[in-house]
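Enquirer: I'd like to ask some things about the structure below.
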Amino acid sequence: MNKNDLVAKVAGSSGLSKTDATKAVDSVFDCITDELKSGGDVRLVGFGTFSVANRAASVGRNPRTGETIQIAASKQPKFKAGKGLKDAVN
């Protein structure tokens, strides 16, 4: 399922127009992104938790040349599925 499929499904199940459903989906994504940018996390009970994990700097190797390279520290978005979502999938 891609974003257009999601918008169509939200529009169909909520009775919203596709334009309004697009605004709603975009707004949810923007709110989650903004909260993660500010260092917080988003907990949706029964669905899951979006958070940010810090990845430490490390040493890697270029597979073509075998040269050692430094990989900078970074922040990675992370999602942990909640019990309700796990139960629904299984």
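The values are calculated or read from the model by the stated rules, or taken from the named source; none is laboratory data. The model shown is predicted, which means the values in this text are computed figures rather than measured ones. So basically every Cβ, Gly included, is an ideal-geometry build from the backbone, and we count neighbours across all protein chains shown.
Enquirer: Quick one: which of G40, G66, G84 is surrounded by 12 or more Cβ atoms within 10 Å (Cβ to Cβ), free of Cβ contacts under 8 Å to residues at least 40 places away in the same chain and in a loop (DSSP other than H, G, I, E, B)?
Expert: Working: G66 fails: surrounded by 12 or more Cβ atoms within 10 Å (Cβ to Cβ); G84 fails: in a loop (DSSP other than H, G, I, E, B).
None of the other options fit; the residue is G40.
Condition check ((1) touching an Asp or Glu at 6+ places or on another chain (Cβ under 8 Å); (2) of a type in the set (K, R); (3) on the phi > 0 side of the Ramachandran plot) across all residues:
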residue	(1), (2), (3)
D26	no, no, no
G39	no, no, yes
F47	no, no, no
F50	yes, no, no
A53	no, no, no
A56	no, no, no
R64	no, yes, no
I71	no, no, no
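Enquirer: Please verify whether segment 20-40 includes one or more residues that are small (G, A, S) and touching a strand residue (DSSP E or B) at 6+ places or on another chain (Cβ under 8 Å). It would help to see each step written out before you state the result.
Expert: Keep residues of segment 20-40 that are small (G, A, S), which gives 21, 24, 27, 38-40.
Cutting the leftovers down to touching a strand residue (DSSP E or B) at 6+ places or on another chain (Cβ under 8 Å) gives us 39.
Checked segment 20-40: at least one residue is small (G, A, S) and touching a strand residue (DSSP E or B) at 6+ places or on another chain (Cβ under 8 Å).
Enquirer: So which residues in segment 3-16 are surrounded by fewer than 13 Cβ atoms within 10 Å (Cβ to Cβ) and either at pLDDT 95 or above or part of a helix (DSSP H, G or I) (or both)?
Expert: Those that are surrounded by fewer than 13 Cβ atoms within 10 Å (Cβ to Cβ) and either at pLDDT 95 or above or part of a helix (DSSP H, G or I) (or both): K3, N4, D5, G12, S13, S14.
Enquirer: Tell me, which residue of segment 69-80 that is in contact (Cβ under 8 Å) with a residue 12 or more places away in the chain and more than 12 Å from the chain's Cα centre (by Cα) is farthest from E35 (Cα to Cα)? Before you say what the answer is, go through the steps one by one.
Expert: Filtering segment 69-80 for residues in contact (Cβ under 8 Å) with a residue 12 or more places away in the chain gives 70-80.
Next, only the ones that are more than 12 Å from the chain's Cα centre (by Cα) stay: 70-75.
Values: Q70: 29, I71: 26, A72: 23, A73: 20, S74: 17, K75: 14 Å.
Across segment 69-80, the extreme among qualifying residues is Q70.
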